[in-house]
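The values are calculated or read from the model by the stated rules, or taken from the named source; none is laboratory data. Model, not experiment: these values are computed from the prediction. Heads up, the Cβs are rebuilt from the backbone with ideal geometry, glycines too, and the neighbour counts pull from every protein chain shown.
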């Protein structure tokens with residue numbers, strides 16, 4: 001719908017219409033006055049999802065979570081000044097994780113932004129290298145034709161999706177009036193603007209060629225055929241990606257496979273599928289060293305395990321083939337031999353069709369080792385290994401799991417079942433692995449995928465995102481928050497640096513807080529558990545009723561450390 005009260009309204013309606021035509025339908029709005037014309041244009045549209053949030057940092061992570069879940073570009077709308085600065089952490093995460101987002105930042109016109117007027121900063125190229133593209137329209141004027149405004153928007157959305165996904169930024173200086181007050185516009189300009197609403201898209205961008213050449217397919221097939229021993233590693237994959245082609249490739253290749261938690265495939269397989277349980281246990285690491293693979297095919301992004309990269313660094317003669325649709329250097333071990341820029345699912349499709357026979361896989365019987373670990377965990381007090389095991393065993397099918405960073409993600413990455421599998425959507429923020437914004441990310445994800453979602457989060461990360469509890473209360477998407485409270489940043493207690501007792505408190509930021517009153521402030525359902533039996537019962541119930549709830553799990557950090565140390569002693 002064209003709004004023609006004034007130029008700010010007219011341009012805003014052009015921008016919003018072009019976004020919708022470009023399949024941007026999820027709009028996350030931050031409060032302010034300068035962005036009023038953009039919001040007003042949205043309110044006149046059907047078939048869009050509008051989400052209002054007070055805290056800009058949380059709102060940006062909420063939009064990030066939505067885009068992670070749907071694979072679509074989500075939009076953020078804010079006023080001028082520090083508002084867009086608060087989006088920065090989520091934008092950085094989006095760039096590193098290849099998540100499509102667009103920031104629409106309203107701005108003061110140049111005569112105000114360059115003269116120290118209130119609430120002004122330089123918003124041009126604000127995000128720098130952390131966005132894939134940006135543009136500044138300039139203040140609305142009849143000297144710029146309506147189709148040029150649309151072209152700018154249209155191209156930015158294309159850049160958020162191709163050649164790789166990521167965030168983009170459109171800065172929009174708007175002059176007053178910002179409401180529906182009439183201001184002069186020529187009838188001919190209004191008519192030219194109205195005509196653009198009849199066009200499906202200002203410019204239709206066709207996706208670039210994504211298939212591998214026959215030469216590349218033949219080359220990799222030949223390497224696979226002549227590899228004495230192979231290992232398939234699957235790192236971070238887009239959560240919204242259809243994994244069926246990857247699963248077919250795993251089956252056809254028939255190599256041992258190491259699955260990172262951020263691949264979303266971790267629990268689709270068990271030890272019976274020739275899965276390597278972990279690289280983070282020395283016994284497993286040493287066993288893999290006994291049969292060093294001659295070739296590793298690494299699909300997707302980075303793994304959570306740093307010991308996998310230690311393994312690569314210590315064995316530079318392994319032929320490492322890395323496959324990901326990214327123009328970034330993704331090579332922490334500095335040992336990649338062949339880098340294939342391709343969508344992982346397309347690579348798997350073409351190689352599956354080509355592969356004839358690979359090397360006979362070396363199978364290691366990890367079952368007794370994993371059963372010993374399970375026995376330790378089963379008889380342990382509440383600790384991270386117990387919590388992750390219980391959640392995977394009891395989480396409802398066809399739901400989603402959002403996993404926080406630090407100790408939480410490593411606990412899930414190290415869990416594997418001997419014989420059981422489970423299909424669940426798994427989400428993480430592993431781009432830069434920050435601990436902020438996890439509650440907000442989960443809310444946005446749940447809103448986008450329309451699935452009951454469980455978030456597992458540590459206490460420090462929870463404290464970082466307390467403002468998001470308001471969104472949690474108001475969101476229509478139910479989320480179960482499993483809050484693990486071990487009174488500080490416990491991961492540092494598991495590292496060698498923990499020996500420095502004077503330094504340690506400055507890393508762990510210890511506290512004596514519990515979060516019952518935080519839940520009460522926002523009128524959220526809350527339950528505190530202190531034993532494994534309590535946790536199992538409460539978590540199972542949450543998966544049945546599928547309503548928003550906070551489960552605070554009290555963990556004694558010293559006992560948690562004891563269990564981790566005990567698990568290290570388990571032998572093959």
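Results, tabulated for the structure shown:
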{"read-out": "Residue 160 being more than 30 Å from residue 446 (Cα to Cα) and either surrounded by 14 or more Cβ atoms within 10 Å (Cβ to Cβ) or at pLDDT below 95 (or both)", "value": "no"}
{"read-out": "Scan of the range 63-83 for residues that are free of Cβ contacts under 8 Å to residues at least 60 places away in the same chain and either in contact with a strand residue (DSSP E or B) (Cβ under 6 Å, 6 or more places away or on another chain) or outside any loop (DSSP other than H, G, I, E, B) (or both), ordered by number", "value": "75, 76, 77, 78, 79, 80, 83"}
{"read-out": "Filtered residues of the range 272-314 (kept if in contact with a helix residue (DSSP H, G or I) (Cβ under 8 Å, 6 or more places away or on another chain) and over 27 Å from residue 564 (Cα atoms))", "value": "295, 296, 297, 299, 300, 301"}
{"read-out": "Residue 93 being farther than 23 Å from residue 51 by Cβ and not in a strand (DSSP E or B)", "value": "no"}
{"read-out": "Residue list for the range 115-131, filter: outside any loop (DSSP other than H, G, I, E, B) and either in contact with a strand residue (DSSP E or B) (Cβ under 8 Å, 6 or more places away or on another chain) or closer than 18 Å to residue 28 by Cα (or both)", "value": "130"}
{"read-out": "Residue satisfying all of: in the range 511-533; in contact (Cβ under 8 Å) with a residue 60 or more places away in the chain and loosely packed, with under 15 Cβ neighbours inside 10 Å; farthest from residue 380 (Cα to Cα) among these", "value": "530"}
{"read-out": "Matching residues, the range 378-390, being assigned to a helix (DSSP H, G or I) and under 12 Å from residue 532 (Cβ atoms)", "value": "378, 385, 386, 387, 389, 390"}
{"read-out": "Residue in the range 534-544 that is surrounded by fewer than 21 Cβ atoms within 10 Å (Cβ to Cβ) and not in a helix (DSSP H, G or I) present", "value": "no"}
{"read-out": "Set 375, 353, 368: member being surrounded by fewer than 20 Cβ atoms within 10 Å (Cβ to Cβ), part of a helix (DSSP H, G or I) and touching a helix residue (DSSP H, G or I) at 6+ places or on another chain (Cβ under 9 Å)", "value": "353"}
{"read-out": "Check on residue 437, within 16 Å of the chain's Cα centre (by Cα) and buried (at least 23 other Cβ atoms within 10 Å of the Cβ)", "value": "yes"}
{"read-out": "Filter result for residue 16 (crowded, with 19+ Cβ neighbours inside 10 Å, without any contact (Cβ under 8 Å) to a residue 40 or more places away in the chain and out of contact with any strand residue (DSSP E or B) (no Cβ under 6 Å at 6 or more places or on another chain))", "value": "yes"}
{"read-out": "Residue check for residue 310: crowded, with 21+ Cβ neighbours inside 10 Å, outside the structural domain of residue 393 (by TED's automatic domain parsing) and out of contact with any strand residue (DSSP E or B) (no Cβ under 8 Å at 6 or more places or on another chain)", "value": "no"}
{"read-out": "Helices (runs of 4 or more DSSP H) completely within the range 411-526 that count 3 or more residues being modelled with pLDDT of 95 or more", "value": "438-449, 459-464, 468-474, 516-521"}
{"read-out": "Boolean, residue 378 is over 28 Å from the mean Cα position of the chain (by Cα) and assigned by TED's automatic domain parsing to the domain that holds residue 551", "value": "yes"}
{"read-out": "Checklist (1) in contact with a helix residue (DSSP H, G or I) (Cβ under 7 Å, 6 or more places away or on another chain); (2) crowded, with 20+ Cβ neighbours inside 10 Å; (3) over 18 Å from residue 297 (Cα atoms) applied to residue 171, failing item", "value": "(1)"}
{"read-out": "Any chance residue 112 is touching a strand residue (DSSP E or B) at 6+ places or on another chain (Cβ under 6 Å), modelled with pLDDT under 95 and either farther than 30 Å from residue 264 by Cβ or surrounded by fewer than 20 Cβ atoms within 10 Å (Cβ to Cβ) (or both)", "value": "no"}
{"read-out": "Those residues of the range 555-572 which are in a helix (DSSP H, G or I), more than 29 Å from the chain's Cα centre (by Cα) and in contact (Cβ under 8 Å) with a residue 40 or more places away in the chain, in sequence order", "value": "559, 563, 566, 567, 568"}
